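Take a look at the structure set out below.
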Amino acid sequence: MAEASWYVVHTYSGYENKVKANIEKTIENRHLEEEILEVRVPLQDVVEMKNGVQRTVQKKMFPGYVLLNMVMNDDTWYVVRNTRGVTGFVGPGSKPVPLTDAEMYNLGIQSNSFTVDFEVGDTVTVVGGVWKDTVGVIQAMNQAKQSVTINVELFGRETPVEINFAEIRKM
(Lines give C-alpha, C1' and ligand atoms only; values in the text may rest on other atoms or scores of the structure.)
Protein backbone atom coordinates (compact mmCIF):
# COMPACT_ATOMS: atom_id res chain seq x y z
CA MET A 1 0.00 0.00 0.00
CA ALA A 2 1.23 3.52 -0.78
CA GLU A 3 2.18 5.87 2.02
CA ALA A 4 -0.25 8.53 3.22
CA SER A 5 0.59 12.22 2.87
CA TRP A 6 -1.05 15.45 3.92
CA TYR A 7 -2.99 17.35 1.26
CA VAL A 8 -4.80 20.68 1.35
CA VAL A 9 -8.33 21.05 0.00
CA HIS A 10 -9.89 24.41 -0.83
CA THR A 11 -13.49 24.86 0.31
CA TYR A 12 -16.14 27.54 0.23
CA SER A 13 -15.46 29.97 3.07
CA GLY A 14 -17.42 28.99 6.17
CA TYR A 15 -17.99 25.42 4.93
CA GLU A 16 -14.82 23.91 6.45
CA ASN A 17 -16.59 21.97 9.24
CA LYS A 18 -19.41 20.86 6.94
CA VAL A 19 -16.85 19.58 4.39
CA LYS A 20 -14.99 17.75 7.18
CA ALA A 21 -18.23 16.10 8.36
CA ASN A 22 -19.22 15.15 4.79
CA ILE A 23 -15.82 13.59 4.04
CA GLU A 24 -15.85 11.66 7.34
CA LYS A 25 -19.35 10.34 6.57
CA THR A 26 -18.23 9.28 3.07
CA ILE A 27 -15.16 7.52 4.55
CA GLU A 28 -17.47 5.55 6.84
CA ASN A 29 -19.99 4.71 4.10
CA ARG A 30 -17.41 3.61 1.52
CA HIS A 31 -15.07 1.95 4.05
CA LEU A 32 -12.09 4.14 3.14
CA GLU A 33 -10.66 4.22 6.70
CA GLU A 34 -7.41 2.67 5.44
CA GLU A 35 -6.96 5.27 2.69
CA ILE A 36 -8.23 8.55 4.18
CA LEU A 37 -6.74 8.53 7.64
CA GLU A 38 -7.54 11.98 9.03
CA VAL A 39 -9.48 15.14 8.18
CA ARG A 40 -8.57 18.36 10.01
CA VAL A 41 -9.68 21.95 10.21
CA PRO A 42 -6.68 23.56 11.99
CA LEU A 43 -7.72 25.84 14.85
CA GLN A 44 -5.77 28.26 17.03
CA ASP A 45 -6.59 29.91 20.35
CA VAL A 46 -7.05 33.68 20.09
CA VAL A 47 -7.58 36.08 22.99
CA GLU A 48 -10.41 38.56 22.34
CA MET A 49 -11.47 41.66 24.27
CA LYS A 50 -15.21 42.22 24.17
CA ASN A 51 -16.94 44.79 26.40
CA GLY A 52 -13.83 44.92 28.60
CA VAL A 53 -13.88 41.14 29.16
CA GLN A 54 -10.96 39.06 27.96
CA ARG A 55 -11.79 35.60 26.65
CA THR A 56 -10.09 32.90 24.62
CA VAL A 57 -11.83 31.64 21.48
CA GLN A 58 -10.81 29.19 18.79
CA LYS A 59 -10.45 30.55 15.26
CA LYS A 60 -9.62 28.75 12.03
CA MET A 61 -5.94 29.02 11.13
CA PHE A 62 -6.70 28.81 7.41
CA PRO A 63 -10.27 29.84 6.57
CA GLY A 64 -11.42 28.11 3.41
CA TYR A 65 -9.02 25.16 3.73
CA VAL A 66 -9.19 21.61 5.12
CA LEU A 67 -6.19 19.30 5.64
CA LEU A 68 -6.38 15.60 4.74
CA ASN A 69 -3.98 12.79 5.63
CA MET A 70 -4.64 10.30 2.87
CA VAL A 71 -3.27 7.87 0.32
CA MET A 72 -3.73 9.54 -3.05
CA ASN A 73 -5.37 7.32 -5.64
CA ASP A 74 -8.25 7.63 -8.10
CA ASP A 75 -10.90 6.60 -5.54
CA THR A 76 -9.79 8.96 -2.76
CA TRP A 77 -9.26 11.83 -5.21
CA TYR A 78 -12.77 11.32 -6.60
CA VAL A 79 -14.40 11.10 -3.16
CA VAL A 80 -12.76 14.26 -1.86
CA ARG A 81 -13.04 16.26 -5.08
CA ASN A 82 -16.76 15.52 -5.41
CA THR A 83 -17.67 16.33 -1.82
CA ARG A 84 -20.19 19.17 -1.58
CA GLY A 85 -18.38 22.41 -0.64
CA VAL A 86 -14.96 21.36 -2.00
CA THR A 87 -13.66 23.54 -4.82
CA GLY A 88 -10.48 21.51 -5.40
CA PHE A 89 -7.10 20.38 -4.15
CA VAL A 90 -4.29 22.88 -3.69
CA GLY A 91 -1.68 22.32 -6.40
CA PRO A 92 -0.97 23.12 -10.03
CA GLY A 93 -3.76 22.08 -12.38
CA SER A 94 -5.67 19.03 -11.22
CA LYS A 95 -2.66 17.30 -9.63
CA PRO A 96 -2.67 17.62 -5.82
CA VAL A 97 0.71 18.33 -4.19
CA PRO A 98 1.36 16.82 -0.75
CA LEU A 99 2.74 18.97 2.05
CA THR A 100 6.33 18.26 3.09
CA ASP A 101 7.22 17.11 6.60
CA ALA A 102 8.86 20.48 7.25
CA GLU A 103 5.66 22.31 6.31
CA MET A 104 3.61 20.04 8.57
CA TYR A 105 6.06 20.51 11.44
CA ASN A 106 5.85 24.31 11.06
CA LEU A 107 2.06 24.08 11.24
CA GLY A 108 2.39 22.09 14.46
CA ILE A 109 0.27 19.31 13.05
CA GLN A 110 2.85 16.63 12.55
CA SER A 111 5.93 16.44 14.68
CA ASN A 112 9.19 14.78 13.77
CA SER A 113 9.77 12.33 16.58
CA PHE A 114 13.35 12.02 17.73
CA THR A 115 14.59 9.32 20.03
CA VAL A 116 17.17 11.02 22.18
CA ASP A 117 19.99 9.44 24.14
CA PHE A 118 20.63 12.41 26.40
CA GLU A 119 19.02 13.85 29.51
CA VAL A 120 19.28 16.81 31.88
CA GLY A 121 22.88 17.22 33.09
CA ASP A 122 24.53 15.72 29.97
CA THR A 123 27.13 17.71 28.06
CA VAL A 124 26.24 18.23 24.38
CA THR A 125 27.73 19.88 21.30
CA VAL A 126 25.59 21.99 18.98
CA VAL A 127 26.04 20.74 15.38
CA GLY A 128 23.79 23.19 13.54
CA GLY A 129 22.24 26.63 13.60
CA VAL A 130 23.71 29.84 14.96
CA TRP A 131 25.23 28.13 18.01
CA LYS A 132 27.16 25.57 15.94
CA ASP A 133 30.26 24.12 17.70
CA THR A 134 29.06 25.43 21.08
CA VAL A 135 29.37 23.06 24.04
CA GLY A 136 26.84 23.20 26.87
CA VAL A 137 25.17 21.27 29.68
CA ILE A 138 21.47 20.45 29.30
CA GLN A 139 19.46 22.40 31.89
CA ALA A 140 15.95 21.43 30.72
CA MET A 141 14.23 19.32 28.05
CA ASN A 142 10.91 20.02 26.32
CA GLN A 143 9.61 16.89 24.57
CA ALA A 144 6.57 18.72 23.13
CA LYS A 145 8.73 21.31 21.36
CA GLN A 146 11.53 18.75 20.87
CA SER A 147 14.15 21.09 22.25
CA VAL A 148 16.62 21.41 25.09
CA THR A 149 17.80 24.43 27.03
CA ILE A 150 21.56 24.72 27.51
CA ASN A 151 23.66 27.43 29.11
CA VAL A 152 26.17 29.11 26.80
CA GLU A 153 28.71 31.78 27.63
CA LEU A 154 27.72 35.07 26.04
CA PHE A 155 29.66 38.26 26.86
CA GLY A 156 31.19 36.55 29.88
CA ARG A 157 27.83 35.47 31.34
CA GLU A 158 25.95 32.16 31.35
CA THR A 159 22.87 32.58 29.14
CA PRO A 160 20.13 29.94 28.60
CA VAL A 161 19.54 29.07 24.93
CA GLU A 162 16.88 26.78 23.43
CA ILE A 163 18.18 24.33 20.79
CA ASN A 164 16.25 21.75 18.69
CA PHE A 165 16.98 18.05 19.24
CA ALA A 166 18.14 17.78 15.61
CA GLU A 167 20.90 20.34 16.19
CA ILE A 168 22.73 18.69 19.11
CA ARG A 169 24.91 15.64 19.72
CA LYS A 170 25.91 14.04 23.00
CA MET A 171 29.61 14.27 23.82
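Tabulated values for the structure
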| read-out | value |
| --- | --- |
| Surface accessible to a 1.4 Å probe, per residue, for the residues of segment 1-124, Å² | 65 Å² |
| Excluding exposed DSSP-loop GluC sites (Glu not before Pro) (at most 15 other C-beta within 10 Å), longest clean stretch of the chain | 35-118 |
| For the chain, with +1 on Lys and Arg beta carbons and -1 on Asp and Glu, the positive-most of ALA4, VAL39, GLY156 along the dipole | VAL39 |
| Flagged links, alpha-carbon separation over 27 Å, of LYS25/LYS60; LYS20/LYS50; LYS59/LYS95 | LYS20/LYS50; LYS59/LYS95 |
| Rounded to the nearest 20 debye, dipole of the chain from Cβ charges on Lys, Arg, Asp, Glu | 840 debye |
| J(HN,Hα) series, segment 17-33, from Karplus relation 6.51 cos²θ - 1.76 cosθ + 1.60, nearest Hz, glycine and proline x | 5, 5, 4, 4, 5, 5, 5, 5, 5, 5, 4, 5, 5, 9, 6, 9, 4 |
| Partner aspartates and glutamates for LYS170 [C-alpha distance under 16 Å; skip if fewer than 8 residues away on the same chain] | ASP117, GLU119, ASP122, ASP133, GLU162 |
| Förster-model FRET efficiency, 45 Å R0, LEU37 and GLU162, C-beta, rounded to 0.05 | 0.90 |
| Cut-off under 5 Å, modelled amide H: who pairs with TYR65 long-range | THR11 |
| MET61-GLU103 pseudo-label distance in nm [points 7 Å out on the Cα-to-Cβ vector] | 1.3 nm |
| ASN142/VAL90 FRET efficiency (R0 41 Å; Cβ-Cβ; nearest 0.05) | 0.80 |
| Two-site FRET efficiency, ASP75 against VAL135, from Cβ-Cβ distance with R₀ of 41 Å, rounded to 0.05 | 0.15 |
| Percent accessible area from carbon and sulfur atoms, segment 1-149, protein chains only, probe 1.4 Å | 48 percent |
| Label corresponding to Cα extents along the principal axes in Å when calculated from the structure given, among [x] 82, 41, 23; [y] 62, 54, 29; [z] 37, 32, 31 | [y] |
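The values are calculated or read from the model by the stated rules, or taken from the named source; none is laboratory data. If you're wondering where the values come from, they're calculated on a predicted model, not measured in any experiment. Note that we place each Cβ from the backbone using ideal geometry, even for glycine, and neighbour counts take in every protein chain shown. Side chains included, ligands, DNA and RNA excluded: accessible areas come from the protein's heavy atoms. Shrake-Rupley method; radii C 1.70, N 1.55, O 1.52, S 1.80 Å.
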